[in-house]
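To start, the structure itself, in structure tokens.
The values are calculated or read from the model by the stated rules, or taken from the named source; none is laboratory data. Since the model is a prediction, treat every value here as computed from it, not as a measurement. Reconstructed Cβ throughout: ideal geometry from the backbone, glycine too, with neighbour counts over all protein chains shown.
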Amino acid sequence: MDNKKFQEMIDEFTLDSDAIKDVAASFRYDIEHGVKETGESSLRMLPSYIGLPTGKETGEYLALDFGGTNLRVVLIRLDGEGKFEVIKKVAKPLVVPGEYDFICADANADELFDFIADMIEEAVDGNRDKKYLLGHTFSFPSSQTNIYNARLIIWTKEFATKGVEGEVVNDLLKAALARKNLTNVEPTAVINDTVAVLLAAAYKLGNVNIGSIYATGHNTCYYETFTGMGKPAMVINMESGGFNKLAINKYDYKLDMESEKQYEQRLEKMVSGRYMGELLSYCLDDAWNIGKVEFTSIDISTILADNSDSLDEVCDLLKAKINADITTDDAIWVKALAETIASRSARLVVATYCGIMWHLYPNGGIPKQFVAVDGSVYEKMPTIKDNMQKAIYEILGEEADKLELVLENGGSALGAALAAAMEPVEC
Ligand code: GLC
């Protein structure tokens with residue numbers, strides 16, 4: 001066991017207080033340049049053409065949640081006053097190993113959208129008479145000219161289906177619905193999942209300006225007033241996973257070189273669930289020369305959850321993966337490394353939230369508010385919430401208690417229904 005090697009790797013993933021304050025400052029810089037469209041920002045800052053809900057929205061809507069490997073179609077009734085009821089839910093994976101895979105480069109747009117249309121048919125019980133308005137949470141960078149027209153700029157999160165990049169996704173969906181004779185289902189609104197989380201939280205709680213996903217992918221949106229700029233206020237999808245003013249280490253570099261889209265999504269590749277396990281794999285290979293052994297963020301969670309002295313669970317997991325004798329000492333180092341990878345992730349994510357606060361309240365005086373977050377990493381990975389809280393204090397000091405992180409669980413479907421119910425922002 002080479003302790004020095006592990007200590008070096010841990011140091012490479014460690015970010016101190018000054019480092020995260022610097023990240024918050026450069027993130028704010030990129031927001032400001034993005035808002036002013038100076039061309040100097042690494043953030044896409046995509047307009048969503050939607051504001052915040054009043055909380056009074058009502059009616060029955062279909063919601064399509066398309067953003068990860070699990071696809072959901074939900075029939076929802078909005079009852080106003082922040083209340084709603086799920087009437088029916090259909091959920092299916094987009095990949096079943098050995099059976100089908102709609103997100104690989106061999107799959108095409110028609111196959112993918114036909115699969116989605118089948119799920120919609122199931123959600124409406126085959127009804128071809130009743131009119132349904134459909135809100136679509138499509139969680140990939142899309143450029144919009146209005147609330148309907150969202151064109152996929154580039155796949156992220158290792159999606160690779162052919163024939164979708166550059167297309168208006170709701171046109172692909174409409175065509176698939178027409179092929180199934182489901183023209184009574186009308187896709188009307190497309191939003192990003194971060195926007196859905198913000199809308200859902202604003203509907204239920206009010207007093208929220210930031211919506212964020214901390215899951216397979218990572219991204220954040222916020223409500224921008226464009227004060228003094230003569231533009232209507234609306235939610236902006238920053239595609240913050242693409243923020244790139246960050247120093248990377250050699251493991252980040254290796255991961256990037258072996259990813260589907262090199263040089264894209266720098267922040268996301270450092271923080272999100274899709275990639276954290278992979279970073280651990282590269283490190284363990286560097287330390288032990290074991291080749292590429294696959295680790296996932298669920299493995300990281302398992303490692304972090306073992307608080308026993310002997311670290312039996314960590315040892316068992318490592319033995320099963322790399323087929324070698326593992327001592328408790330080895331496991332202690334691996335756990336310390338996994339903790340540092342997770343902590344770097346939490347600290348970077350929080351730095352972006354603080355950068356938004358500095359942009360929104362340049363003269364200080366942050367009002368008390370919620371920050372709505374959804375996603376498996378935030379919800380389930382041990383240490384993440386504590387590290388986020390700690391980082392907020394390190395960056396914002398006394399003002400830290402103005403921000404309350406809240407889990408907005410399953411906001412994607414509710415947000416999509418709200419988007420279908422709300423009046424869009426016209427420009
Ligand atoms: C990726 C997508 C982004 C999405 C995020 C979370 O970063 O590009 O649109 O919001 O994943 O799902």
Residue by residue through segment 40-72, note down the ones that are within 16 Å of the ligand (Cβ to nearest atom), within 17 Å of LYS89 (Cβ to Cβ) and either crowded, with 19+ Cβ neighbours inside 10 Å or of a type in the set (Gly, Ala, Ser) (or both). ALA63, LEU64, ASP65, PHE66, GLY67, GLY68, LEU71, ARG72
Scanning segment 290-323 for residues that are among the polar types (S, T, N, Q) and part of a helix (DSSP H, G or I) gives SER297, SER301, THR302
What is the one condition in (1) closer than 26 Å to LEU52 by Cβ; (2) not in a helix (DSSP H, G or I) that MET388 does not satisfy? (2)
The lone condition ASP285 fails out of (1) of a type outside the set (Ser, Thr, Tyr); (2) under 30 Å from GLY242 (Cα atoms); (3) touching a residue at least 12 places away in the same chain (Cβ under 8 Å) is (3)
Does LEU255 qualify as being in a helix (DSSP H, G or I), under 21 Å from the mean Cα position of the chain (by Cα) and farther than 24 Å from ALA196 by Cβ? yes
Can you tell me which residue among MET234, MET238, MET229, MET257 is aliphatic (A, V, I, L, M) and within 16 Å of the ligand (Cβ to nearest atom)? MET238
Residue selected from segment 241-251 under the condition away from the ligand (no atom under 16 Å from the Cβ) and either touching a residue at least 60 places away in the same chain (Cβ under 8 Å) or not in a loop (DSSP other than H, G, I, E, B) (or both), by the criterion surrounded by the most Cβ atoms within 10 Å (Cβ to Cβ): TYR251
Out of everything in segment 214-223 that is farther than 17 Å from ALA419 by Cβ and buried (at least 24 other Cβ atoms within 10 Å of the Cβ), what residue ends up being nearest to the ligand (Cβ to nearest atom)? GLY217
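Matching residues to (1) over 19 Å from the mean Cα position of the chain (by Cα); (2) surrounded by 24 or more Cβ atoms within 10 Å (Cβ to Cβ); (3) within 16 Å of the ligand (Cβ to nearest atom):
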position	(1), (2), (3)
GLY166	yes, no, yes
LEU172	yes, no, no
ALA200	no, yes, yes
GLY206	yes, no, no
Would you check if GLY211 is at pLDDT 95 or above, touching a strand residue (DSSP E or B) at 6+ places or on another chain (Cβ under 7 Å) and within 8 Å of the ligand (Cβ to nearest atom)? no
For residues that are on the phi < 0 side of the Ramachandran plot and small (Gly, Ala, Ser), scanning just segment 390-418, find the one that is farthest from the chain's Cα centre (by Cα). ALA400
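Residue by residue, here is whether (1) in a strand (DSSP E or B); (2) basic (Lys, Arg); (3) without any contact (Cβ under 8 Å) to a residue 60 or more places away in the chain holds:
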position: ALA24; (1), (2), (3): no, no, no
position: GLU32; (1), (2), (3): no, no, no
position: SER42; (1), (2), (3): no, no, no
position: ASP65; (1), (2), (3): yes, no, no
position: VAL73; (1), (2), (3): yes, no, yes
position: ASP79; (1), (2), (3): yes, no, yes
position: GLU85; (1), (2), (3): yes, no, yes
position: LYS88; (1), (2), (3): yes, yes, yes
Kindly check whether there is at least one residue in segment 86-104 that is more than 23 Å from GLU158 (Cα to Cα), in contact with a helix residue (DSSP H, G or I) (Cβ under 6 Å, 6 or more places away or on another chain) and modelled with pLDDT of 95 or more. yes
Enumeration of residues in segment 275-301 that are surrounded by fewer than 17 Cβ atoms within 10 Å (Cβ to Cβ) and touching a Leu at 6+ places or on another chain (Cβ under 8 Å): ILE290, VAL293
Pairs where the first residue, in segment 125-151, is assigned to a loop (DSSP other than H, G, I, E, B) and within 12 Å of the ligand (Cβ to nearest atom) and the second is polar (S, T, N, Q) and at pLDDT below 95, C-beta under 8 Å, 6+ apart: SER139/SER412; PHE140/THR156; PRO141/THR156
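Keeping to segment 347-383, report how many residues are of a type in the set (A, V, I, L, M) and within 16 Å of the ligand (Cβ to nearest atom).
Kept after step one, since they are of a type in the set (A, V, I, L, M), are these residues of segment 347-383: 348-351, 356-357, 360, 366, 371-373, 377, 381.
When the remaining residues are screened for being within 16 Å of the ligand (Cβ to nearest atom), the result is 348-349, 356, 371-373, 377, 381.
The qualifying residues number 8.
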